[in-house]
Structure formats: structure tokens, C-alpha cells
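Please read the structure below before turning to the comments.
Nothing in this text is a laboratory measurement; each read-out follows from the coordinates by a stated rule. The shown structure was predicted, so the numbers you read here are calculated from the model rather than taken from an experiment. Note that we place each Cβ from the backbone using ideal geometry, even for glycine, and neighbour counts take in every protein chain shown.
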Amino acid sequence: MARSKPLVAGNWKMNGSKLNLADLEALKAAIRDSEGVEVAVCPPATLISRASVMLASSPIAVGGQDCHPQPSGAHTGDISAEMLADAGASMVIVGHSERRSAHNEDDSLVRAKAEAAWRAGLYVILCVGETEAERRAGDAESVVESQLEGSVPDGATPDSLVIAYEPVWAIGTGVTPTTDDIAAMHAHIRNCLRRRFGEESDGIGILYGGSVKGENASAIFAVDGVDGALVGGASLKVKEFLTIISAAG
Ligand code: PGA
């Protein structure tokens, strides 16, 4: 375990309305301390402000799902890292594969977003992961290596960033890699970080993401080198998300 505590972050994606704030109340009631596990929720931008107020007295952190590299300006529809921080977020996801593919985000843009997040004082969850075709072609490790090289900014520290390894083919599909494959990729990511940032980077956490559920969470958290999870669909169901959180603790 690289982090002192595992991190379980829920990514609501484009789901949730004010009605789902009741789910956050339930989560808040269930999670009263962060002794064993750090918990974060990344709701849609429309709910960040209300979620932050609601969770202010709770150990649950609130995060954004993306940010623009610039602090402000003529960028219709975009949200800056400073705005996320202003709304009460303490972290942000960058480089999610749905952004990389649906919004054509390349590594240099992801890197600029991570730098913007730091500028605004936000902790970064930076996603990497190969497609199914890349894995089948035997390129999974080299793809992830070049994503890390291109999208992790210089100066990354355990306090400023966590990597989320999310094989694209495992996201929202119900399919997960074998625990051996997860262990192998996490070890590879660890080596890439160490080569670039030295042994100090050993404290940088590496989360797994992609079809984490109540029923597979324990097996995934038991894998060597897994420091927590980025959870999509299962984070929308309070009971299941709590099952995942207790599996991490
Ligand atoms: P999933 O999504 O848990 O629904 O597979 C994970 C993610 O996209 O972060």
C-alpha cells in the first residue's frame, strides 16, 4: 500500500439531480470518520456546491470530474479548477477515458488540466488505461507508460496526485481484468513512476477503476499495489458503495 490509507472515489459521471443529495446524506450518516479509508464523491458540476455544504462536517471529500486548463475566460460550457475549488471541491478527476475519447483529450491537455488543478489547490485523480484492442495487441503496458509520460506533470507528489488505472474495456462493462493482470499493471505503473520521479514517488497511490462492485471489491483491494478504487456505476447506489468502502478498510 503506497498511500497511508486507501482512497475510494465515486464518479457519478452525468448522473444525479438534487434528489440524489439524499444519497449523500445517507453516505454521510454511515461514514463518520476517515480512519480506515478516505472517501470521495465526484458528483456532476451542478451538485458540487450543495454537496460540499452538505459534507462540510464530514470526512467525505467532494471532487469535480474534469476541469479546463485556464482559470477563466471565453470557454463556453467549461469549468475551471478555480471554480471547482470555489464551489467547495478539494479534488478533480482528469484524463478519464470518456473525456479522452468523447472529447479528444490528449496527454498534453490532460497534463495541463492536472497542472491547473494544482494551481487551484486541488488534489488530482489522473486516469490512464488501455483499450481492448491495445490489450489484445499486447500494447497495454506501453500505452499506459506513454499516457503516464505525457499526462503526469513534473513535480507529482503523493500529496498532489493519485493515478487511477482504468482499462477502458472494463469501464461500465461488468468485465474486470484478472487479479494477476491488475497486479502486473500496477507494478508497471509503479516502475514508470519510480524511473521518472525516484523513490519518493513510492508514496503516490495507484487506484484501480473499471466495474468495481460490491461483490468483487475485496478481491481487487487484496491485489498487491492497489491503493483504492475509482468507482463509477456502483457509486450511484449507496448500499453498494458502502460495501465497497468497507471492503477497502
Ligand atoms: P464503472 O466506471 O465503475 O461504472 O465501470 C468506472 C469509471 O469510469 O471510473
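Observations on the structure shown:
- Taking region 34-137 and dividing mean pair separation by its residue count, relative contact order in percent (alpha carbons under 8 Å, at least six apart): 25
- Principal axis extents of the C-alpha atoms in region 199-249 (largest first, rounded to whole Å): 38, 17, 16.
- Equivalent ellipsoid semi-axes, region 136-249, via Cα gyration tensor eigenvalues times 5, rooted, Å: 24, 16, 12
- Per residue, the convex hull spanned by the Cα atoms of the chain amounts to 112 cubic angstrom.
- Among V39, V144, V238, the ranking by other beta carbons within 10 Å of each residue's beta carbon, starting with the fewest, stands as V238, V144, V39.
- Restriction of the trypsin sites (Lys or Arg not before Pro) in region 1-89 to DSSP coil positions whose beta-carbon has at most 12 other beta-carbons within 10 angstrom yields R32.
- When each of the peptides 158-168, 78-88 is scored by how many other beta carbons lie within 10 Å of its residues on average, the order from highest to lowest is 158-168, 78-88.
- Between the C-alpha center of region 37-87 and that of region 152-202 there is a gap of 23 Å.
- Residues whose placed amide H lies under 5 Å from that of A2, excluding near-sequence neighbours: I206
- Packing, taken as the mean count of other beta carbons within 10 Å per residue, orders the peptides 69-77, 122-130 from highest to lowest as 122-130, 69-77.
- If R0 equals 45 Å, the separation of the Cβ atoms of S160 and A22 corresponds to a calculated FRET efficiency of about 0.85.
- Taking other residues whose beta carbon is less than 15 angstrom from the beta carbon of N216, and scoring Lys, Arg as +1 and Asp, Glu as -1, yields -3.
- Sum of side-chain charges, L7 neighbourhood, beta-carbon under 11 Å (Lys, Arg +1; Asp, Glu -1): 0
- The relative contact order of the chain, computed from alpha carbon pairs under 8 Å that lie at least 6 residues apart in sequence, is 21 percent.
- Radius ratio Rg over Rh of region 51-150, counting only Cα atoms, Kirkwood formula for Rh: 1.04
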